[in-house]
1. Which one is surrounded by the most Cβ atoms within 10 Å (Cβ to Cβ), of the residues in the range 77-105 that are assigned to a loop (DSSP other than H, G, I, E, B) and either of a type in the set (S, T, Y) or at pLDDT 90 or above (or both)?
2. For residues in the range 62-76 being surrounded by 14 or more Cβ atoms within 10 Å (Cβ to Cβ) and among the polar types (S, T, N, Q), which is modelled with the highest pLDDT?
3. Out of all the residues in the range 1-19, which are open to solvent by 70 Å² or more (accessible area, probe 1.4 Å) and modelled with pLDDT of 70 or more?
4. Take R22 and decide whether it is modelled with pLDDT of 90 or more and either open to solvent by less than 50 Å² (accessible area, probe 1.4 Å) or over 21 Å from G101 (Cβ atoms) (or both).
Amino acid sequence: AAPPGPPVYVDLAYLPGSWSARTVDEEFFRRVRSLCYVVSGDDHLKEGLLRAVLDALLAAKHQWGTDVQVTLIPTFDSLVMHEWYQETHDRQQELGITVLGSNSTVAMQDETFPACKVEF
């Protein structure tokens, strides 16, 4: 268990992938409060844990007690993410959570990849 203390406020936080994704629970989101959370790591381990991570964000955000807008930025397409988005959309709006989706692509050198722009 983490020692008691005030939450940490940041502009941007990357959520860990692979086996480390197991550490992202409701307590994580209570302690690390970010304007933007990047969900990266398109792997089978994270896919299995993704729903629990997203539900933990909803549960913790409810307890923040402020009107802070939060943006969730997935960097990969996921059936779990789509289902969670559809099933919890009303709750996301109540809590001030926006999930970014992007159909934009960036071409650099010989590579093309999806992208979105985030401004602070």
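1. Here is the first cut: in the range 77-105, the residues assigned to a loop (DSSP other than H, G, I, E, B) are 77-78, 96, 100-104.
Those still in the list that are either of a type in the set (S, T, Y) or at pLDDT 90 or above (or both) too: 78, 96, 102, 104.
Numbers: S78: 17, G96: 14, S102: 12, S104: 10.
Here the answer is S78.
2. T71
3. Initial filter on the range 1-19 (open to solvent by 70 Å² or more (accessible area, probe 1.4 Å)): 1, 3-4, 6, 8-9, 11-12, 14, 19.
Passing the criteria: P4, P6, V8, Y9, D11, L12, Y14.
4. On the way: modelled with pLDDT of 90 or more: no; either open to solvent by less than 50 Å² (accessible area, probe 1.4 Å) or over 21 Å from G101 (Cβ atoms) (or both): yes.
Against the criterion (modelled with pLDDT of 90 or more and either open to solvent by less than 50 Å² (accessible area, probe 1.4 Å) or over 21 Å from G101 (Cβ atoms) (or both)), R22 does not qualify.
The values are calculated or read from the model by the stated rules, or taken from the named source; none is laboratory data. Bear in mind the structure is a predicted one, so any value in this text is a computation, not a measurement. All Cβ positions, even for glycine, are placed from backbone atoms using ideal geometry, and neighbour counts span all protein chains on display. Ligands, DNA and RNA are stripped out before the accessible areas are found, and what is left, the full protein with its side chains, is counted by its heavy atoms. Shrake-Rupley method; radii C 1.70, N 1.55, O 1.52, S 1.80 Å.
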